[in-house]
Each structure stands twice: as C-alpha cells, then as structure tokens.
Amino acid sequence: MADNILLQKDVKRLFLYQDGNLYWKVKTNPRVNIGAKAGNFNKNNQRTYIRINKITYGLHRLIFLYHYGWFPTEVDHIDTCRTNNTIENLREATRSQNQHNKRVQINNTSGVKNVSFVKNRWVVKLKVKRKQIHIGRFKDFELAELVAIMAREKYHGDFAQHG
C-alpha cells in the first residue's frame, strides 16, 4: 500500500469476501485473528467500520473496492438496509441519488414520502437536482400518494424509494 492509497489488490490480500462480510486472511495486529469477521459495528448509524493503516473505512466501501477495483463517491444500499453489504445490494451513486433512496423519515406526519398537508390540501414536493419542486396540491390523499410515486419514478429513476 503505497502512500496510504488502498487498492483492490490490498483488500484481496487482507480479506476474504463472503455473504456481505469480510474475513481476515492476514494477521495485521495482535487483536486480529485469521478467519475472524472484520470490522466493528456502530450501533448509532448501523454501519460496520474497518481500520487499515490508521484509516477507517466503511465495510460497504471496502466490499465495493474488493469487487470493482475503485471507490465511488458514494456507495448506495439498494434495499436501504445499511447492514446488508452483499455486493448485489451495493451500487455506485451520487450524493443526490443516495438521498433519493431513503425510506420515509420518522418525523413524516403523512406517512408518505414527499406528501404533506398544507391549508386543507395534500401537497406533493420533491427535490430534483438540489432544487425543491412543487408537483401539485390535491384534495384526495390517495391521489397525492400516487402522484408522489409517479414523480419519484420520473425524476429519481432507479433510485426512487417509496417506503
């Protein structure tokens, strides 16, 4: 590992990938056991981290590097589950795309993404290219929900998350 640049060959030398986890192949320090699952789970953000040469990496990013040979700007979990680090569940994303692929927030009062109740109407808004766009106002909640789904599919494509 030259100048702390982590390469695919380094990750493959250090780890074995299996079912969304990395297992140590090399004893890098006294606390590492060969064959043991690598990483420390952070309960606060539901992610696993691995420290290599004094640099901390997200497990999902190392698995992406292991398989594809490069680090993308962001790695998105397709099913939105941060603990599912199988390679089939990981994809390259921009920051904006990663934000689109989020579940409904717990403080959402309508229970539907991009739908809120304002002045006796259901309002549908979503972000497109960092700008909030107003899709429409509806008397009927079900119609607003359907319009929000269609708008997310139109503007967010494969990164549209409805739940």
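The values are calculated or read from the model by the stated rules, or taken from the named source; none is laboratory data. Fair warning: this is a prediction, and the values are worked out from it, not measured in the lab. Backbone-built Cβ (ideal geometry, glycine too); neighbour counts: all protein chains shown. Areas reflect the complete protein model, heavy atoms only, side chains present, ligands, DNA and RNA absent. Shrake-Rupley method; radii C 1.70, N 1.55, O 1.52, S 1.80 Å.
Val26 versus Asp140, label points 7 Å from Cα toward the beta carbon: distance in nm? For Val26 paired with Asp140, the spin-label model returns 6.3 nm.
Taking packing as the residue-averaged number of other Cβ atoms within 10 angstrom, the listed peptides 92-101, 114-123, 31-40 run from highest to lowest as 92-101, 114-123, 31-40.
Note on Glu142: accessible area is roughly 110 Å² with a 1.4 Å probe, heavy atoms of protein only.
What the Cβ-Cβ distance of Thr109 and Thr73 gives, at R0 = 41 Å and to the nearest 0.05, is a FRET efficiency of 0.80. Pairs from the list Lys9/Lys54; Lys43/Lys119; Lys43/Lys102; Lys102/Lys139; Lys12/Lys43; Lys25/Lys54 with a Cα-Cα gap above 30 Å: Lys43/Lys119. Each principal axis of region 1-124 carries a Cα extent, and these read 63, 25, 25 Å when sorted largest first. For region 30-72, the calculated P(r) over all alpha carbon pairs, in 10 Å bins from 0 to the bin holding the longest distance, is 25, 53, 21, 0 percent. Under 20 Å from a point 7 Å along the Cα-to-Cβ line of Thr83: which residues of region 102-121 have their amide N that close? Taking a point 7 Å out along Cα→Cβ of Thr83, the residues of region 102-121 whose backbone N falls under 20 Å are 102-106. Extension gain for Phe117-Phe41 works out to 23.5 nm (0.36 nm per residue, less the C-alpha to C-alpha distance). Hydrodynamic radius of region 1-66 by the Kirkwood approach over all distinct alpha-carbon pairs: 12.1 Å.
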